[in-house]
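Engineer: What follows is a single structure, and I will ask about it in a moment.
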Amino acid sequence: MASQESEQRELLFEEYFFEEEPYYLPVGDEVEIFEVAWKARLPLLFKGPTGCGKTRFIEYMSWRLGRDAGRETGMPLITVACHEDLTASDLVGRYLLRGEEMVWVDGPLAIAVRKGALCYLDEIVEARKETTVLIHPLADHRRMLPMERLGKVLEAHPYFFLVISYNPGYQSALKDLKHSTRQRFLAIDFDYPPPEREAEIIAHESGVAPQIAAELALFGSKVRNLVGHGLEEGASTRLLIYAGQLILEGIDPRRACEISVISPVSDDASMHAAIRDISHSIFPSAR
Amino acid sequence: MPDIPAAPCSLTGLNRELYSDVQGSDVGAQAVTLEEVRTSMAGMALGLAGVPLEIQLLSEASFTLANPLRLCPSGDGRRLFLPARVQFFQEREENRRLYRLYTAFQAAQWEGGTLHRSGKRNGESEPLGWTLKFLLGFSRPMLAAEVFFAVDAGRLGSFLRKRYGGLREELDWFYECLFSLCGGDFTGAFTEAVFGLHAVMAGWPAPPAVFPDAGEVLAAARAESATVAKPGARLADSARVTTRLYPLFERLLLAGSGGGGRYDAGNWLDPLLAKKQGGETTGEPHSVEEGGDFFQELLGDLEDLENLEMFQAGEDLEADGSFITDTDLPKFAQAEEEAAGREPRRDGRMKARTDFPEPEGKSFRYQEWNYLDKRYLKDWVRLFEVEQGEGDAALVDGIVAERRELIDEVRRQFRLLRADSVAWRKKLEAGDEVDIWELLNALVDRKAGLYPSAKLFMERRVRERDICALILLDMSASTDTAVGGVGGDTGDPRRKVIDIAREALVVMAEALEQLGDSYALFGFSGYGRHNVEYYPIKFFGESLNTTVKSRIASVEPKKSTRMGPAIRHSVSLLERRGAREKLLVIISDGYPQDFDYGDDRRSKEYGLQDTRAALREAEARNIKSFCLTIDLAGYDYLKRICRPSGYLVVEDILDLPEELPKIYKRLRA
């Protein structure tokens with residue numbers, strides 16, 4: 001633990017990039033679409049359920065685009081988790097007191113625009129509307145960021161690229177993302193990968209044997225059949241990977257599913273029983 | 001109708017238990033009842049099959065699908081057959097395991113290829129359609145069914161063992177238990193051969209000592225079992241093996257070897273096969289010797305389709321989202337025949353009443369969700385806005401006087417809602433007032449050498465509560481029930497469900513008038529997809545005047561409960577309103593149902609799925625919906641069609657007038 005702590009780094013936003021290739025298994029043509037959008041500097045909107053790989057994809061693309069841009073590392077990736085108290089100043093920057101001086105400090109969006117980074121605004125619908133409209137001039141042909149406090153306009157670096165995401169499964173999403181915002185973005189729909197691909201991902205990420213990974217993927221696909229029938233969202237790939245990690249550490253697969261999938265996805269006792277029965281159908285009682 | 005065959009005597013106890021439709025009084029501590037596991041088994045089946053299956057008692061299953069000679073019952077793709085109670089095994093968990101196994105086996109028929117979505121196989125609209133057509137090609141369809149389902153169970157068992165490690169364990173356990181009870185003593189050579197076939201196909205050696213009189217046919221069955229046990233075996237393999245084994249069993253039957261009379265009782269067919277035969281002309285029985293042309297052609301078609309499906313594996317073979325029209329679905333045409341007053345069908349469906357005149361009024365066409373085909377049926381339903389009659393407005397005034405205390409309380413609570421419409425918005429960088437707590441935090445941060453927050457202000461904002469609400473009342477015939485029969489209430493038997501619902505409407509209307517929200521009251525009922533009736537009681541913008549009161553007074557039980565189109569019409573009315581927030585509150589007393597709400601009037605699943613789809617459509621249009629029911633069974637089905645926070649079961653009907661305003665308050669918050 002101590003050695004891990006000593007390896008912890010504290011990085012500036014613009015210094016956060018990937019040196020190694022993040023693992024990502026393409027499911028469709030998303031890599032190709034992203035690259036075309038990047039070349040045309042057309043901003044992207046990712047839509048998809050939680051834990052299906054949106055964040056991992058942007059990490060992978062930041063690494064890949066960095067290689068394309070002739071860097072030895074990935075492009076800097078600045079991620080902002082949006083929330084309802086997020087203001088324009090939080091994104092653009094603000095004056096702060098430093099000793100007796102008032103000093104301007106760029107927000108993450110301004111840093112990305114100035115330095116040429118990928119800016120990923122995660123769960124954009126959680127932000128207030130007046131905050132969201134701030135990205136409009138950046139998301140169309142103007143590619144600029146008005147900085148009202150400074151009385152300036154910041155032109156985007158050629159490598160600046162904007163990506164936003166949200167989960168349309170949440171009820172608030174459809175009604176909260178303004179059309180004037182939506183219609184500035186190309187949209188890529190994400191979903192859980194098909195079982196074979198998902199098994200490959202689970203095996204890679206958790207380290208479990210292919211057979212167990214396949215069973216976990218099968219379990220995930222069966223649980224997702226319950227969505228809309230008392231289950232709000234299905235088991236995410238992320239949760240299945242967690243289950244795999246538990247199994248790898250010696251936890252019985254049925255128990256691992258209980259902890260990592262059954263309990264997290266629902267609070268309903270009868271739904272728990274149904275999913276538990278599915279897990280008992282797939283996993284033998286003891287390995 | 002022939003008797004149900006007796007199973008080997010040692011298994012009689014188990015079979016008597018499984019095929020009984022009553023729970024009896026001798027329930028042991030180890031017993032597990034269907035009611036205990038109903039919800040979880042329905043969920044498990046949905047998860048494994050990918051389609052909702054309606055649970056029915058095993059004792060109600062068609063003989064073709066389930067009988068005591070079977071190791072596991074088969075389903076028909078729409079229903080899941082489970083015993084009313086299992087207490088055969090010593091441990092409770094083991095009895096529950098049997099439920100799990102039966103559920104998994106029937107659900108896996110979808111994945112294993114025995115069942116198919118409509119339209120995918122030879123134009124068959126029933127999931128089991130191809131199989132039934134195949135069986136009716138034999139001279140003794142009941143016998144063919146027994147052979148086929150034994151062979152196909154072997155194929156499915158093999159498939160399940162490979163794909164589901166947990167089920168492999170369950171099957172091993174169950175078969176071991178089952179065969180350990182089997183010590184011979186059959187009622188005849190034929191019964192011995194049939195049970196032996198099931199056992200052989202399940203992978204049991206079936207020793208000659210146990211099956212002394214069925215050696216020849218079981219040797220042939222053993223040789224054939226490898227065909228269906230191989231990886232990738234398909235329905236066509238089961239069918240081909242059936243054509244090869246059938247003559248052996250028929251010879252045994254004709255030899256009068258005992259125990260087989262029920263398979264050769266004249267032209268008797270059980271309702272499942274009889275319905276199929278009635279629906280489609282199959283002509284004369286076909287020869288299976290050397291593969292008669294009929295079977296060759298049928299199997300050839302099936303294999304072509306299976307090959308195509310394999311080729312398309314990975315592509316979505318499910319719904320393409322396109323609309324289909326009336327002419328695309330022959331099964332619905334059958335419902336039409338009923339509506340036209342023709343003879344009732346053989347499957348026990350009631351003959352449709354046709355003496356209801358077509359309603360007068362403006363009509364609207366709505367789509368309907370057919371969950372079986374995963375498609376919308378375009379313009380499927382015709383809804384009429386029917387003028388609500390007028391009753392005695394004094395009735396409403398009487399309710400107001402009687403429920404004055406409650407109305408005053410609800411009004412008081414609603415007044416608080418108005419006060420709630422003013423709120424402080426905090427963490428602002430500029431605003432009306434300094435937020436003292438934020439300022440304090442900022443000073444502490446600054447003292448600590450941290451960057452203080454600049455979000456020190458707050459402002460008072462009046463929440464714009466631009467709301468409109470539509471309350472939709474189920475006016476089905478079942479609301480004619482005396483309240484003493486609902487929700488355990490033992491109150492005044494002269495008061496009916498509709499009377500309490502009327503009271504709830506009056507309380508709500510009185511309180512909403514004061515609150516100032518725009519609201520409307522509508523009722524719905526109807527009979528059949530061409531006659532959904534929608535009764536305006538109070539339009540948006542109307543005040544609670546004498547006319548409206550007289551309409552409330554005239555609310556009365558009507559006919560059926562086709563909920564989907566009523567919701568869709570309510571949504572279209574709400575969509576026309578300019579309000580920012582739109583609420584739809586549905587008050588019902590039971591399942592959505594109508595005589596042609598789906599092709600099987602006994603099934604509730606179609607109506608539930610359509611209602612669910614209609615609620616999702618409302619949600620997509622930014623309309624918040626809420627279902628309020630007095631049906632205690634609502635605990636089971638509402639969770640499947642509504643969001644977790646989108647429904648409430650009112651256990652005591654008399655609480656309805658109090659609960660409705662509470663719900664409204666919650667929705668509005």
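Engineer: Tell me, please, whether a residue that is among the small types (Gly, Ala, Ser), surrounded by 15 or more Cβ atoms within 10 Å (Cβ to Cβ) and either in contact (Cβ under 8 Å) with a residue 60 or more places away in the chain or more than 14 Å from every other protein chain (Cβ to nearest Cβ) (or both) can be found in region B:432-454.
Structural biologist: Taking region B:432-454 as the starting set, the residues that turn out to be among the small types (Gly, Ala, Ser) are B:442, B:448-449, B:453-454.
Narrowing the set further to residues that are surrounded by 15 or more Cβ atoms within 10 Å (Cβ to Cβ) leaves B:442, B:453-454.
Adding the requirement that they be either in contact (Cβ under 8 Å) with a residue 60 or more places away in the chain or more than 14 Å from every other protein chain (Cβ to nearest Cβ) (or both) leaves none.
No, because not a single residue in region B:432-454 is among the small types (Gly, Ala, Ser), surrounded by 15 or more Cβ atoms within 10 Å (Cβ to Cβ) and either in contact (Cβ under 8 Å) with a residue 60 or more places away in the chain or more than 14 Å from every other protein chain (Cβ to nearest Cβ) (or both).
Engineer: I need the full set of residues from region B:508-525 which are modelled with pLDDT of 90 or more, crowded, with 24+ Cβ neighbours inside 10 Å and either farther than 17 Å from residue B:585 by Cα or hydrophobic (A, V, I, L, M, F, W, C) (or both), in order please.
Structural biologist: B:521, B:524 - these are the residues of region B:508-525 that are modelled with pLDDT of 90 or more, crowded, with 24+ Cβ neighbours inside 10 Å and either farther than 17 Å from residue B:585 by Cα or hydrophobic (A, V, I, L, M, F, W, C) (or both).
Rundown of residues vs (1) assigned to a loop (DSSP other than H, G, I, E, B); (2) more than 13 Å from chain A (Cβ to nearest Cβ); (3) in contact with a Phe, Trp or Tyr (Cβ under 9 Å, 6 or more places away or on another chain), yes/no style:
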site: B:577; (1), (2), (3): yes, yes, yes
site: B:591; (1), (2), (3): yes, yes, yes
site: B:606; (1), (2), (3): no, yes, yes
site: B:610; (1), (2), (3): no, yes, yes
site: B:624; (1), (2), (3): no, no, no
site: B:640; (1), (2), (3): no, no, no
site: B:644; (1), (2), (3): yes, no, no
site: B:655; (1), (2), (3): no, yes, no
site: B:659; (1), (2), (3): no, yes, no
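Engineer: Within region A:127-158, count every residue that is assigned to a helix (DSSP H, G or I) and under 17 Å from residue A:107 (Cβ atoms).
Structural biologist: 12
Engineer: Name every residue in region B:45-64 that is more than 19 Å from residue B:153 (Cβ to Cβ) and either within 14 Å of another protein chain (Cβ to nearest Cβ) or in a loop (DSSP other than H, G, I, E, B) (or both), in order of residue number.
Structural biologist: Keep residues of region B:45-64 that are more than 19 Å from residue B:153 (Cβ to Cβ), which gives B:46-47, B:50-52, B:54-57, B:59-60.
B:46, B:47, B:50, B:51, B:52, B:54, B:55, listed by residue number.
Engineer: Give me the residue from region A:199-251 that is among the basic types (Lys, Arg) and surrounded by fewer than 22 Cβ atoms within 10 Å (Cβ to Cβ) and, out of that set, farthest from the other protein chains (Cβ to nearest Cβ).
Structural biologist: Ranking the qualifying residues of region A:199-251, first place goes to A:238.
Engineer: Here's a check for you: in region B:579-589, which residue that is crowded, with 21+ Cβ neighbours inside 10 Å and farther than 14 Å from residue B:637 by Cβ is farthest from the other protein chains (Cβ to nearest Cβ)? Working first, answer last.
Structural biologist: Looking only at region B:579-589, we keep the residues that are crowded, with 21+ Cβ neighbours inside 10 Å, and these are B:582-589.
Next, from what is left, pick out any that are farther than 14 Å from residue B:637 by Cβ: B:582-585, B:587.
Details: B:582: 11, B:583: 14, B:584: 14, B:585: 17, B:587: 22 Å.
Among those that are crowded, with 21+ Cβ neighbours inside 10 Å and farther than 14 Å from residue B:637 by Cβ, it is B:587.
Engineer: Quick check: anything in region A:181-198 more than 30 Å from residue B:108 (Cβ to Cβ), within 21 Å of the chain's Cα centre (by Cα) and within 12 Å of another protein chain (Cβ to nearest Cβ)?
Structural biologist: Among the residues of region A:181-198, not one is more than 30 Å from residue B:108 (Cβ to Cβ), within 21 Å of the chain's Cα centre (by Cα) and within 12 Å of another protein chain (Cβ to nearest Cβ), which makes the answer no.
Engineer: Residue A:74 fails exactly one of the following numbered conditions: (1) closer than 14 Å to residue A:13 by Cα; (2) at pLDDT 90 or above. What is the number of that condition?
Structural biologist: (2)
Engineer: Any residue at all in region B:627-639 that's under 24 Å from residue B:373 (Cα atoms), crowded, with 22+ Cβ neighbours inside 10 Å and either touching a Ser or Thr at 6+ places or on another chain (Cβ under 8 Å) or touching a residue at least 60 places away in the same chain (Cβ under 8 Å) (or both)? Step through it out loud before you land on a result.
Structural biologist: Going through region B:627-639, the residues under 24 Å from residue B:373 (Cα atoms) turn out to be B:636-639.
From what is left, the residues that are crowded, with 22+ Cβ neighbours inside 10 Å are B:637-638.
Still in the list and also either touching a Ser or Thr at 6+ places or on another chain (Cβ under 8 Å) or touching a residue at least 60 places away in the same chain (Cβ under 8 Å) (or both): B:638.
Within region B:627-639, one or more residues are under 24 Å from residue B:373 (Cα atoms), crowded, with 22+ Cβ neighbours inside 10 Å and either touching a Ser or Thr at 6+ places or on another chain (Cβ under 8 Å) or touching a residue at least 60 places away in the same chain (Cβ under 8 Å) (or both).
Engineer: Moving on. With the condition being of a type in the set (S, T, N, Q), I'd like the strands (runs of 3 or more DSSP E) fully within region B:362-459 carrying at least 1 qualifying residues.
Structural biologist: Values: elements: B:363-370, B:375-385, B:422-428.
Strands (runs of 3 or more DSSP E) meeting the threshold: B:363-370.
Engineer: While we're looking at this one, here's another question. Mind telling me which of the residues A:67, A:94 ends up being more than 14 Å from chain B (Cβ to nearest Cβ) and surrounded by fewer than 22 Cβ atoms within 10 Å (Cβ to Cβ)?
Structural biologist: When all the criteria are applied, what remains is A:67.
Engineer: Here is a further query. Looking only at region A:25-42, how many residues end up being in contact (Cβ under 8 Å) with a residue 24 or more places away in the chain and surrounded by fewer than 19 Cβ atoms within 10 Å (Cβ to Cβ)?
Structural biologist: From region A:25-42, those in contact (Cβ under 8 Å) with a residue 24 or more places away in the chain are A:25, A:27, A:30-31, A:33-35, A:37-38, A:41-42; that's our starting set.
Subset that is surrounded by fewer than 19 Cβ atoms within 10 Å (Cβ to Cβ): A:25, A:27, A:31, A:33, A:35, A:37, A:41-42.
Residues flagged as in contact (Cβ under 8 Å) with a residue 24 or more places away in the chain and surrounded by fewer than 19 Cβ atoms within 10 Å (Cβ to Cβ) within region A:25-42 amount to 8.
Engineer: Just the residues that are among the basic types (Lys, Arg) and at the interface with chain B (Cβ under 10 Å from one of its Cβ atoms), please, taken from region A:97-125.
Structural biologist: A:98
Engineer: Tell me which residues, restricted to region A:260-287, are closer than 20 Å to residue A:214 by Cβ and away from every other protein chain (no Cβ under 14 Å).
Structural biologist: Of everything in region A:260-287, just one residue is closer than 20 Å to residue A:214 by Cβ and away from every other protein chain (no Cβ under 14 Å), namely A:260.
Engineer: Quick one: in region B:162-194, which of the residues that are more than 14 Å from every other protein chain (Cβ to nearest Cβ) and within 33 Å of the chain's Cα centre (by Cα) is surrounded by the most Cβ atoms within 10 Å (Cβ to Cβ)?
Structural biologist: Per the stated criteria, the residue is B:178.
Engineer: Oh, and also: If you take the residues of region B:612-622 that are farther than 22 Å from residue B:595 by Cα, within 10 Å of chain A (Cβ to nearest Cβ) and not hydrophobic (A, V, I, L, M, F, W, C), which of them is surrounded by the most Cβ atoms within 10 Å (Cβ to Cβ)?
Structural biologist: B:619
Engineer: Is one or more of the residues making up region B:98-106 in contact with a His (Cβ under 8 Å, 6 or more places away or on another chain), in contact (Cβ under 8 Å) with a residue 60 or more places away in the chain, within 14 Å of chain A (Cβ to nearest Cβ) and not in a loop (DSSP other than H, G, I, E, B)?
Structural biologist: Checked region B:98-106: at least one residue is in contact with a His (Cβ under 8 Å, 6 or more places away or on another chain), in contact (Cβ under 8 Å) with a residue 60 or more places away in the chain, within 14 Å of chain A (Cβ to nearest Cβ) and not in a loop (DSSP other than H, G, I, E, B).
Engineer: Restricting attention to region B:229-241, which residues are out of contact with any Asp or Glu (no Cβ under 8 Å at 6 or more places or on another chain) and part of a helix (DSSP H, G or I)?
Structural biologist: Selection gives B:229, B:237, B:239, B:240.
Engineer: Also, I was wondering about something else. Could you give me the residue pairs with C-beta distances under 8 Å whose first residue belongs to region B:237-250 and is over 17 Å from residue B:214 (Cβ atoms), whose second residue is of a type outside the set (Lys, Arg) and outside any helix (DSSP H, G or I) wherever it lies, and which are 6+ apart or on separate chains?
Structural biologist: Qualifying pairs under 8 Å: B:238/B:114; B:243/B:288; B:243/B:291.
The values are calculated or read from the model by the stated rules, or taken from the named source; none is laboratory data. From a predicted model like this one, the values you see are computed outputs, not experimental measurements. Glycine gets a Cβ as well: all are built from the backbone with ideal geometry, and neighbour counts include every protein chain shown.
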